[in-house]
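Asker: Structure incoming, see below.
The values are calculated or read from the model by the stated rules, or taken from the named source; none is laboratory data. If you're wondering where the values come from, they're calculated on a predicted model, not measured in any experiment. Don't worry about glycine lacking a Cβ; one is built from the backbone with ideal geometry, like all the others, and counts go over all protein chains shown. Heavy atoms of the whole protein, side chains included, go into the accessibility calculation; ligands, DNA and RNA do not. Shrake-Rupley method; radii C 1.70, N 1.55, O 1.52, S 1.80 Å.
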Amino acid sequence: MSVKRNIFLLALTMFIVGTDGFVVAGVLGDIAEQSGVSIEAAGQLITVFALAYAIASPIIASVFGQMDRKYFLILSLAVFSLGNLIVALTADYSLLMAGRVISALGASAVTPAVIMIAGMISPPERRGRAISYVFSGLTIATILGVPFGTYLSHAMDYQSLFLSITIGGAVMLAVLSAALSRLPSPPNVSLRQRLSAVRMKGAPSTLLVTVVVYLSAFTVYSYVSAYYNGRGITDGNELTWILLAFGTGGAIGNLLGGRLTDRFGPRTTNIVSHLGLCASFVLISLAADTLIRAIVLTFIWGVCGWLLAPSQQYRLLALGGARAQILISWNSSCMYLGIGLSGIAGALVIQTLGTSALTWAGAAGALLAVLLTGTLYAPAREENRLAEGAEKAV
């Protein structure tokens, strides 16, 4: 019972961290209005969070690799909560930026710590399921946490939203302090070893595709409130439904992506994902002029965009062998790198071409991902070899 209880608590922690990571896109307008900056400037809060996460994650993992995992998680949650408290207590743009960087440093440490602890406290025969249950907290955050957070911000203010996240982080800190026993640190992996794994055959191309896809998708998602504002969907409740559709589509796409990868391999699944992402952005550009159409097309965008996640993990598992876990952690950093760059790219698109061009820019990025996958990934005849590699790695 205590293991199940702790797995639930870890999943709840991931839900809070996931909500914090993705909710800013839905409340950019509120932040811009209350802090007195442009929507493009507010979008840089997404950029600094994602870049800080991407850069800090491997460094923190190496520096604090010898720390007891329980204490490491508690320290990480304290930093995460502090960053969100700063955001909750200010409308000053500089302090908002500082708060988002601090919360990103905490989040970049919380996520791998939670997954590691889930594996350590579970019996070997249930370890995979335990990790998947914990990771589902992120998926549920996109379905429930982000839409509810957006609604709360519109109904009250963004500071109430981040105060709620702060309280949630502090509560989980206290509860996990009492619930978890001391946990020894895993074998430490130096930063040099982490960097050497990136040079493995096939790894650079896989990680490059991750950056490009998340850059293209989040160039739109990071400014989704501004985009649909420009399409005449200005009510906060309407945006809540759109974000709910995206999160639900993403959860379905994640599950469907696993099935497609098992049947057709990562290369084919990736190409289907990229083409679907491109098509959904084109359709949104041409037809998302009513709430119902926006909901349906955003749902399709969520499905197609998240087909990629399991296929990329599968490919890295096959390529990495004994170092597969390191490559998967790099994939997470590359995901956040793409998200961080999207804040800059989206701001440039808005300034030069207007918000209506965001989806066209996203479609162009998705086509680039098709080209990269088609030319750099293993052809179909080598998919069986990758599958065998994946089986040996687990």
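Asker: What FRET efficiency would be calculated for the residue pair T375, L275, taking the C-beta separation as r and a Förster radius of 25 Å, to the nearest 0.05?
Answerer: Working: r = 15 Å, r/R0 = 0.60.
Approximately 0.95, to the nearest 0.05.
Asker: Residue by residue, what Karplus-based ³J(HN,Hα) values in Hz, rounded to whole numbers, does the stretch 208-225 have, using 6.51, -1.76 and 1.60 with θ = phi - 60° and x for Gly and Pro?
Answerer: 4, 4, 4, 4, 5, 5, 5, 4, 5, 5, 8, 4, 8, 4, 4, 10, 4, 5
Asker: Between M156 and S190, what FRET efficiency follows from the Cβ-Cβ distance if R0 is 45 Å, with the result rounded to 0.05? Present the calculation step by step, with values, prior to reporting the outcome.
Answerer: Details: r = 46 Å, r/R0 = 1.02.
The pair M156/S190 has a calculated efficiency of 0.45.
Asker: For the stretch 232-341, what is the Kirkwood hydrodynamic radius in Å, using each pair of distinct C-alpha atoms? Let's see the in-between values first.
Answerer: Values: mean 1/r = 0.0670 Å⁻¹.
Kirkwood radius, the stretch 232-341: 14.9 Å.
Asker: Write down the accessible area per residue of the chain in Å², having rolled a 1.4 Å probe over the full set of protein chains. Kindly include the intermediate steps, with their values, before the conclusion.
Answerer: On the way: 16250 Å² over 394 residues.
Result: 41 Å² of accessible area for each residue.
Asker: A further question on this structure: Would you calculate the convex hull of the Cα atoms in the stretch 298-356 and tell me its volume per residue in Å³?
Answerer: Taking the convex hull of the Cα positions in the stretch 298-356, it is 85 Å³ per residue.
Asker: Expressed as a whole percentage, what fraction of the accessible surface of the stretch 114-163 belongs to carbon and sulfur atoms when a 1.4 Å probe is rolled over the protein heavy atoms? Display every interim value, and only then the final one.
Answerer: Details: 1580 of 2300 Å².
Reported share for carbon and sulfur atoms: 69 percent.
Asker: Evaluate Rg over Rh across the stretch 104-177, taking Cα atoms for both radii and Kirkwood's formula for Rh.
Answerer: Working: Rg = 14.7 Å, Rh = 14.0 Å.
Rg/Rh: 1.05.
Asker: Then there is this: Quick one: compute the contact order of the stretch 1-149, relative version, from alpha carbon pairs under 8 angstrom and 6+ residues apart, as a percent.
Answerer: Values: 171 pairs, mean separation 61.1, N = 149.
RCO, the stretch 1-149: 41 percent.
Asker: Hey, another quick one. By how many nm would the segment from L208 to Q66 grow when fully extended, if each residue of separation counts as 0.36 nm and the alpha-carbon distance is taken off?
Answerer: Working: separation 142, 0.36 × 142 = 51.12 nm, distance 3.03 nm.
Here the segment from L208 to Q66 would lengthen by 48.1 nm.
Asker: Based on the Cβ-Cβ distance of S136 and A178, what FRET efficiency does E = 1/(1 + (r/R0)^6) give at R0 = 22 Å, to the nearest 0.05?
Answerer: Details: r = 24 Å, r/R0 = 1.07.
Computed FRET efficiency for S136 and A178 comes out at 0.40.
Asker: Can you list the residues of the stretch 139-183 with backbone N under 20 Å from a point 7 Å past the Cα of S2, pointing along Cα to Cβ?
Answerer: Hits in the stretch 139-183 for S2 at 20 Å: 172-183.
Asker: Given Cα positions, please report Rg to Rh for the stretch 194-265, the hydrodynamic radius being the Kirkwood one. Could the numbers behind the result be given before it?
Answerer: Working: Rg = 17.1 Å, Rh = 15.1 Å.
Here the Rg-to-Rh quotient is 1.13.
Asker: Express in nm, to one decimal, how much length is gained between T352 and K201 on full extension, taking 0.36 nm for each residue of separation and deducting their alpha carbon distance.
Answerer: On the way: separation 151, 0.36 × 151 = 54.36 nm, distance 3.88 nm.
Between T352 and K201, full extension yields an extra 50.5 nm.
Asker: Expressed as a whole number of Å, what is the distance separating the alpha-carbon centroids of the stretch 25-56 and the stretch 255-296?
Answerer: 26 Å
Asker: To continue, here is another question. In nm, what is the difference between 0.36 nm times the number of residues separating T90 and L9 and their Cα-Cα distance? Spell out each step's value before the answer.
Answerer: Working: separation 81, 0.36 × 81 = 29.16 nm, distance 2.96 nm.
Length difference between fully extended and current span is 26.2 nm.
Asker: Over the C-alpha atoms of the chain, what are the Rg and the largest Cα-to-Cα span, Dmax, in Å?
Answerer: Final numbers for Rg and Dmax: 20.0, 57 Å.
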